[in-house]
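The values are calculated or read from the model by the stated rules, or taken from the named source; none is laboratory data. Treat the numbers as computed from the prediction; the structure is a model and nothing was measured. Note: ideal-geometry Cβ built from the backbone for every residue, glycine included; neighbour counts use all protein chains shown. These accessible areas exclude ligands, DNA and RNA; they are computed on the full protein's heavy atoms, side chains included. Shrake-Rupley method; radii C 1.70, N 1.55, O 1.52, S 1.80 Å.
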Amino acid sequence: SMNVAVGSMSNPVEWPGLAHFCEHMLFLGTKRFPGEGEFERFIAANAGSNNAFTGSEETNYFFSVNGDALPGALTRFADFFT
């Protein structure tokens, strides 16, 4: 799980919903893994699940996966935040 200390209360007045929008945009792909939904496909192919939520003061991204797939999952997950 990755917890980011930005939530809906951090939205600028002129951009309501920005934190939640960014939550969804994160899963669209990365430079190394540009395919939309690639992370979700990798997780699902390895008996896992993933989700995220935006709270008032934080946004949390999380996943579970078979242990043997953890290195690949962490590589993909970390790319969202670098």
With -39,500 (n - 2.57) per DSSP H segment of 4 or more residues and division by the full residue count of the chain, the 222 nm estimate, nearest 500 deg cm²/dmol, is -9000 deg cm²/dmol
Evaluate the relative contact order of the chain (contact order divided by residue number), counting alpha-carbon pairs under 8 angstrom at least 6 apart; express in whole percent.
35 percent
On the formula 1/(1 + (r/R0)^6), with r taken between the Cβ atoms of Arg41 and His20 and R0 of 25 Å, the FRET efficiency rounded to 0.05 is 0.60
Nearest-0.05 FRET efficiency for Ala78 and Ser10, computed from C-beta distance (R0 22 Å):
0.45
Could you work out how far helix 70-79 tilts from the main Cα principal axis of the chain, as a 0 to 90 degree angle to the nearest 10?
30 degrees
Region 5-37 and region 38-82 have their Cα centres apart by a whole-number Å value of 15 Å
Whole number in Å², please: accessible area per residue of region 34-82, 1.4 Å probe, ligands, DNA and RNA not counted.
55 Å²
Among (1) 12.5, 35; (2) 15.9, 52; (3) 13.4, 45, only one was calculated for this model; which label is it, if the read-out is Rg and Dmax of the Cα atoms in Å?
(3)
State, to one decimal in nm, how far the label point of Ser1 lies from the label point of Glu57, with both points 7 Å from Cα in the Cβ direction.
1.6 nm
